[in-house]
Amino acid sequence: MRRYVVVLAVIACLAALAGTLACVTNAATDNGANDTRQLPYVEVREYEGVELSSIDDFRENSIKGPQYVDMERYRLGVAGLVEEPGSYTFEQVVGNHETYAKVVTLHCVEGWSVDILWEGVLVRDLIGEAQPTPDATVVIFHAYDGYTTSLPIDYIMGNEIVLAHKMNDVLLPPERGAPFQLVAESKWGYKWIKWITKVELSDDSDYRGYWESRGYSNDADEDAFFFDR
């Protein structure tokens, strides 16, 4: 009887080993490399005593749907009325500049809001490197999908405005604006441009972005009505 039990145990072990080998074999691709399974992101939901919203609490309201940027080819341009225009890879932006983290609330004109821990570099640091000319008064932001918006240079240089690459300690997903989203604090959500490709310095104080050219306030202050009357 004991021998019979031992034989069954050996068979069970061999079966388990075969299953393990099968799993390893199934994970291999045709060229012999193992596939990497993407695990769900793990976001923080509290920061310094502040309860945070989830990445999934946003509503999709972009003009052309989520954009999927080729990160190997991506470059962030800083151009226009500057002495030293620049073109940066994602790694150069994040790796060569000091990063900052803070909780900022985004208020959408649709009536919803989210409290998120944003992390990234300061826009004014990038602009400072480019050395804006004295006649630069406006910063125009361009996105991968053709969306644009603008803000006064005094607002950008006088505040700690973050160009975020992380939210809730997670790299921005494509749906949330990767590689960079502007954290335009104290401004309505349509100023929080996603998928940023270029930061342009301009003297065109009459410039109007996508929604601004359709009647939305160019100031976009949260404490004021968002539609120009």
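The values are calculated or read from the model by the stated rules, or taken from the named source; none is laboratory data. This one's a predicted model, so the numbers in the text were calculated from it and none came from an experiment. Note that we place each Cβ from the backbone using ideal geometry, even for glycine, and neighbour counts take in every protein chain shown.
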Q | Residues located in region 164-200, provided they are over 14 Å from Tyr147 (Cβ atoms) and under 8 Å from the mean Cα position of the chain (by Cα) | A | Ala164, His165, Lys166, Met167, Leu171, Leu172, Pro173, Pro174, Arg176, Ala178, Pro179
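Of the residues Ala224, Ala178, Ala220, which is buried (at least 16 other Cβ atoms within 10 Å of the Cβ) and outside the structural domain of Tyr144 (by TED's automatic domain parsing)?
Values: Ala224 fails: buried (at least 16 other Cβ atoms within 10 Å of the Cβ); Ala178 fails: outside the structural domain of Tyr144 (by TED's automatic domain parsing).
It is Ala220.
Does Tyr155 qualify as being modelled with pLDDT of 95 or more, within 27 Å of Gly49 (Cβ to Cβ) and not in a loop (DSSP other than H, G, I, E, B)? Full working, then the answer.
On the way: modelled with pLDDT of 95 or more: yes; within 27 Å of Gly49 (Cβ to Cβ): no; not in a loop (DSSP other than H, G, I, E, B): yes.
So Tyr155 fails the test.
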Q.
Restricting to region 63-98, name every residue that is in contact (Cβ under 8 Å) with a residue 60 or more places away in the chain, surrounded by 15 or more Cβ atoms within 10 Å (Cβ to Cβ) and within 27 Å of Glu43 (Cα to Cα).
A. Pro66, Gln67, Val69, Tyr74, Leu76, Phe90, Val93, Val94
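Can you say whether Glu160 is assigned to a loop (DSSP other than H, G, I, E, B), within 21 Å of Asp228 (Cα to Cα) and acidic (Asp, Glu), as far as the supplied structure shows? Let's see the steps before the verdict.
On the way: assigned to a loop (DSSP other than H, G, I, E, B): yes; within 21 Å of Asp228 (Cα to Cα): no; acidic (Asp, Glu): yes.
Taking the combined requirement at face value, the residue does not satisfy it.
Would you call Arg45 of a type outside the set (A, V, I, L, M) and under 16 Å from Val114 (Cα atoms)?
Values: of a type outside the set (A, V, I, L, M): yes; under 16 Å from Val114 (Cα atoms): yes.
So Arg45 fits the description; yes.
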Q: Kindly list, by first and then second residue, each pair from a residue in region 191-211 that is outside the structural domain of Ala79 (by TED's automatic domain parsing) and at pLDDT below 95 to a residue that is surrounded by fewer than 23 Cβ atoms within 10 Å (Cβ to Cβ) and not hydrophobic (A, V, I, L, M, F, W, C), limited to pairs with Cβ atoms under 6 Å and residues at least 6 apart or on different chains.
A: none
**Q.** Any chance Asp228 is among the acidic types (Asp, Glu), modelled with pLDDT under 95 and touching a Ser or Thr at 6+ places or on another chain (Cβ under 9 Å)
**A.** yes
